[in-house]
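Remarks on the structure that follows.
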Amino acid sequence: MKPQLTLQTPLELPHQEISNYLNQLWISEDEESAGANTFTLMVWQPAWLEQCLVKSGLISGPITGTLSPEIIKVAKKLIIDKGLSHTTSIYSEELLTLLKENLLNKDYEDLRGQFFESSISTLNPRRLITLAPTLNKESEIKTFVSAYCPLSENTITQPICGDLVVIRGDSNSINNKGLKIIDDLSIKDLPIWLWWNGSLDESQEIFNFFTDQGIRLIIDTANGSPKRCLKILYQSIKSNKAINDLNWVRLKSWRESLAMIFDPPSRRPILEHISDIDIDIAEGNFLQALLLISWISDKLEWVFSKINKHGDLIKIEFKRKNGEKILTCINPVPLGNPSIHSGQVIGLRLISKISEVRKNNTCVILGCESVECMRLEAGGMADMQLIEQVVPNSFSSSESDVSKLLGSSRGNTSPLFENAIKVAVQIFNGFNK
């Protein structure tokens, strides 16, 4: 974490005084000290897992709101030790319910909103507002204010400073009082982003408050029901509101690897004869695989035909312009290691049939590791022309992915993502036909 120069210890103030206090904070004879002229970042930061682990005595405090290696390690071990399915995500409601049974009646230091990863601080947000809901019911609103100045390696340049506001209380208090405070904290003429760092199924009234304001959104569709997530995505693009999805961002290496395979002109004909695509996922939310299939079908101008579910297997059929069928399949695979994000893609197999002779056909296999590649070769695929590649599976924190989105200054939805959303919604709606 990049060191920060805090101009003051976070100060607890009545919410009625915050706006005036912040206005006075940057009044200075030195105009360069008036604070950064960048953007406002609001963060919904429940950190339910961390709160439960700390309040159960399984990890030491304070509560910071960051997903540390210790939290991941303890949560995964707990899933296995308590006999939960190995496909259980560390963010799952099953794990949280289990943890809530053994909470200690003790208060712990809560530092959410006071620390944030260096990749975000280097962007010099003008104002950081953290909504920090608590596990404790009937917890009244508390508000904290402080100023920060990220330390630059260039000691000659004067730090560009900003301010931090934390709004803490139970979800009902935040909904009833906290959102009114938000209205007073907006800075005119500066872009505003909301990072919803929690499940999209929770606190929907609070989420809808922000969507009604037209604020730029960063969400994670791995954390929420597919129906709810797709509804949010579609409503955003329909109303022309910018939205970014960390679940889509994590698909980048898969999309790039697949595109690079077909970059040589000699391989382009393979695309015209694709007959089958199988995508393996870690069991759970199938939305990431659906977005990947939707992106492929959009780029190749396939038309969605029908969708069927056979047990856990999801089969989706498309048609080319010439009427030829393409069969795609999302296959949940049980893994021995609990996942961080539910339903992540772990392998892809693409078959292109140019002739009836198998050796003239092509099988493209992408895997998150060589073992997955070998698993996808099973079933006689090795006698085709085989193209294999291991997709880089480097883990990056959500904070790092968010900083990349903020750093790109994208004020609208990515056209590739928008097209994939439209196809994904069409496919999902096929379930109900």
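Picking from residues in the range 183-201 that are among the hydrophobic types (A, V, I, L, M, F, W, C) and within 12 Å of TRP44 (Cα to Cα), the one that is surrounded by the most Cβ atoms within 10 Å (Cβ to Cβ) is TRP196.
Scanning the range 120-134 for residues that are assigned to a loop (DSSP other than H, G, I, E, B), at pLDDT below 90 and not charged (D, E, K, R) yields THR122, LEU123, ASN124, PRO125. Does the range 330-348 contain at least one residue that is farther than 20 Å from ALA222 by Cβ and β-branched (Val, Ile, Thr)? No, the range 330-348 contains no residue that is farther than 20 Å from ALA222 by Cβ and β-branched (Val, Ile, Thr).
Can you find, within the range 345-369, the residue that is farthest from VAL390 (Cα to Cα) among those that are outside any loop (DSSP other than H, G, I, E, B) and of a type in the set (A, V, I, L, M)? Taking the candidates together, the pick is ILE351.
Does ASN223 satisfy the condition of being open to solvent by 10 Å² or more (accessible area, probe 1.4 Å) and touching a Ser or Thr at 6+ places or on another chain (Cβ under 6 Å)? Taking the combined requirement at face value, the residue satisfies it. Within the range 146-175, residues that are closer than 22 Å to GLU202 by Cβ reach partners that are open to solvent by 20 Å² or more (accessible area, probe 1.4 Å) and at pLDDT below 85 with beta carbons closer than 6 Å, at six or more positions or on different chains, in the pairs GLY169/SER139; ASP170/LYS137; ASP170/SER139. Here are LEU348, LEU386: which of them is over 24 Å from TYR91 (Cα atoms), open to solvent by less than 50 Å² (accessible area, probe 1.4 Å) and modelled with pLDDT of 85 or more? The conditions single out LEU348.
Only one residue in GLU109, GLU117, GLU140, GLU153 is over 25 Å from the mean Cα position of the chain (by Cα), at pLDDT below 80, open to solvent by 40 Å² or more (accessible area, probe 1.4 Å) and charged (D, E, K, R). Which one? Criteria check complete, one pass: GLU153. Taking the criterion of being within 24 Å of the chain's Cα centre (by Cα), among the β-branched types (Val, Ile, Thr), modelled with pLDDT of 90 or more and assigned to a loop (DSSP other than H, G, I, E, B), the only residue of the range 57-89 that qualifies is THR64. Yes or no: ILE79 closer than 20 Å to PHE395 by Cβ, β-branched (Val, Ile, Thr) and surrounded by fewer than 21 Cβ atoms within 10 Å (Cβ to Cβ)? So ILE79 fails the test. Looking at the range 166-184, is at least one residue among the polar types (S, T, N, Q) and outside any helix (DSSP H, G or I)? There is no residue in the range 166-184 that is among the polar types (S, T, N, Q) and outside any helix (DSSP H, G or I).
Going through (1) open to solvent by 50 Å² or more (accessible area, probe 1.4 Å); (2) modelled with pLDDT of 80 or more one by one, SER394 falls short only on (2).
Contact map, the range 309-329: residues that are at positive phi paired with residues that are of a type outside the set (A, V, I, L, M, F, W, C) and outside any strand (DSSP E or B), Cβ distance under 6 Å, separation 6+ or inter-chain. No pairs are found.
Selection of first residues in the range 188-202 that are of a type in the set (D, E, K, R) and of second residues that are surrounded by fewer than 21 Cβ atoms within 10 Å (Cβ to Cβ) and at pLDDT below 95, restricted to Cβ pairs under 8 Å at least 6 apart or on distinct chains, gives the following pairs, ordered by first then second residue: ASP201/SER225; GLU202/SER171. Within the range 317-344, count every residue that is among the charged types (D, E, K, R), open to solvent by less than 40 Å² (accessible area, probe 1.4 Å) and either within 21 Å of ARG250 (Cβ to Cβ) or not in a loop (DSSP other than H, G, I, E, B) (or both). The qualifying residues number 1.
The values are calculated or read from the model by the stated rules, or taken from the named source; none is laboratory data. These numbers come from a predicted model, not from an experiment. Methodologically, a virtual Cβ is constructed for each residue, glycine included, from the backbone with ideal geometry; neighbour enumeration extends over all protein chains shown. Heads up: the accessible areas ignore ligands, DNA and RNA and are worked out on the full protein's heavy atoms, side chains in. Shrake-Rupley method; radii C 1.70, N 1.55, O 1.52, S 1.80 Å.
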